[in-house]
Amino acid sequence: MKDLFLISRYPKDMEKAGYFRIKKYRMTESDDIYIYSNTGSWNKLKDKTKKDIMYTHKLFL
């Protein structure tokens with residue numbers, strides 16, 4: 001099985017829940033996005049963060 005990565009705009013919530021940040025992408029016209037490894041606890045995330053998360057099997061660095 002391939003690794004699963006998460007993409008989020010809420011770094012504080014993700015890191016509190018135990019997710020490991022891999023990369024930060026600066027965006028010019030919107031909030032920055034962050035890529036995390038799937039190592040944290042889903043239950044510790046806030047609802048707004050859960051709704052905004054995207055998943056990917058490919059890691060674009």
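The values are calculated or read from the model by the stated rules, or taken from the named source; none is laboratory data. Every value quoted in this text rests on a predicted model; they were computed, and no experiment measured them. Accessible surface is based on the protein model in full, side chains and every heavy atom, while ligands, DNA and RNA are left aside. Shrake-Rupley method; radii C 1.70, N 1.55, O 1.52, S 1.80 Å.
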* Structure fact -> Residues of region 28-39 being under 10 Å from the mean Cα position of the chain (by Cα) and not β-branched (V, I, T), in sequence order, are Y34, Y36, S37, N38
* Structure fact -> Filtering region 35-61 down to residues that are open to solvent by 60 Å² or more (accessible area, probe 1.4 Å), part of a loop (DSSP other than H, G, I, E, B) and of a type outside the set (A, V, I, L, M, F, W, C) yields N38, T39, K46, H57, K58
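Quick check on this structure: which one of Y19, Y25 is more than 9 Å from the chain's Cα centre (by Cα) and among the aromatic types (F, W, Y)? Give the derivation first.
Values: Y19 fails: more than 9 Å from the chain's Cα centre (by Cα).
It is Y25.
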* **Identity of the residue in region 1-34, β-branched (V, I, T) and open to solvent by less than 70 Å² (accessible area, probe 1.4 Å), that ends up nearest to T49 (Cα to Cα)** => I7
